[in-house]
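Just below is one structure, and these are the notes that go with it.
The values are calculated or read from the model by the stated rules, or taken from the named source; none is laboratory data. Worth saying up front: this structure is predicted, and the values here are computed from it rather than measured. All Cβ positions, glycine included, derive from the backbone under ideal geometry; neighbour counts span all protein chains shown. Ligands, DNA and RNA are stripped out before the accessible areas are found, and what is left, the full protein with its side chains, is counted by its heavy atoms. Shrake-Rupley method; radii C 1.70, N 1.55, O 1.52, S 1.80 Å.
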Amino acid sequence: MLQPLVYVGRKASRKDGQARRIAILEATLAVIVQEGIRGVRHRAVAKQAQVPLASTTYYFSDIKCLISDALTYFAEKHLWMREKLEHKSWGLLSEWPAQCVQHNDKQQLIQALSDIACHYVQAKVAQTDDCIIEMAFHEEALRNPQLAVAVSRLNEAMLNSIERFLKQVGSKESASYIDAHQVLGVIKWLEYQYLVNMSAAQYDKKYLSRSWGCAWALKEKVYELKQDNMIERHFQPIVRAMITNAVG
């Protein structure tokens, strides 16, 4: 079970102080999107939040404290997405005949689970800024031991949830933890690949529109169609094969 992440900065006792503290954390996330973790400085965050510099140092004595609380705040804000994925998955399983899960052909169940996983990836990558923030925290955890503990707890909670589900649909006891790592690893890889492709496309669009003008319009339409089909045509077969390997 996930040990709850705790805020390490100074707490606010009054409503106006709580609002200002949240504004500072929101500003920290905005700075991370624009400049990465390395751009998080008291002065930069205060400017983004439009608060006095003294407010950021009052609530957060050092940058590591500010970054740690920004992760906790971010995790709390996005817990609903993980819970929605869990609810959909368990809901599907509860509707499935037990004998089908245990004995008979599982192809329809595997397809349904693949659809849920791919829809989850689509929903996440639609929030590009949030994905950038999440990946920035993971990268910074390599340098920040305090942050690494928090990131590890979040990952472990997701792994435990996936493992419990895979056991229910047939993953062997001895392999379920490994299977859970594979599922989570593939999901994160798909998110990263999608975002990289989108970023590359934005660069191409900017360069080509500047060089070729309206000639880009036709290519843009083709690219939008390609992006719409990316998960369905390229990612879903990977997810399906992974789930088949885990529960087949």
Picking from Ala136, Ala141, Ala148, which residue would you name as being more than 15 Å from Ala246 (Cβ to Cβ), modelled with pLDDT of 85 or more and surrounded by fewer than 16 Cβ atoms within 10 Å (Cβ to Cβ)? Ala148
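Yes/no per residue for (1) surrounded by fewer than 15 Cβ atoms within 10 Å (Cβ to Cβ); (2) at pLDDT below 95; (3) in contact with a Leu (Cβ under 6 Å, 6 or more places away or on another chain); (4) not in a helix (DSSP H, G or I):
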{"residue": "Met1", "(1), (2), (3), (4)": "yes, yes, no, yes"}
{"residue": "Ala12", "(1), (2), (3), (4)": "no, yes, no, yes"}
{"residue": "Ile24", "(1), (2), (3), (4)": "no, no, no, no"}
{"residue": "Val31", "(1), (2), (3), (4)": "no, no, no, no"}
{"residue": "Arg38", "(1), (2), (3), (4)": "yes, yes, no, no"}
{"residue": "Gln48", "(1), (2), (3), (4)": "no, no, no, no"}
{"residue": "Cys65", "(1), (2), (3), (4)": "no, yes, no, no"}
Subset of segment 105-129 that is open to solvent by less than 40 Å² (accessible area, probe 1.4 Å) and of a type outside the set (A, V, I, L, M) - its residue that is farthest from Val31 (Cα to Cα): Lys106
Mind checking which residues of segment 14-26 are under 24 Å from the mean Cα position of the chain (by Cα), among the hydrophobic types (A, V, I, L, M, F, W, C) and farther than 19 Å from Cys131 by Cβ? Ile22, Ala23, Ile24
Checking the structure you have, find out if any residue of segment 126-133 is in a helix (DSSP H, G or I), aliphatic (A, V, I, L, M) and modelled with pLDDT under 90. no
Taking segment 67-100, which residues are hydrophobic (A, V, I, L, M, F, W, C), at pLDDT 90 or above and within 30 Å of Leu113 (Cα to Cα)? Leu71, Phe74
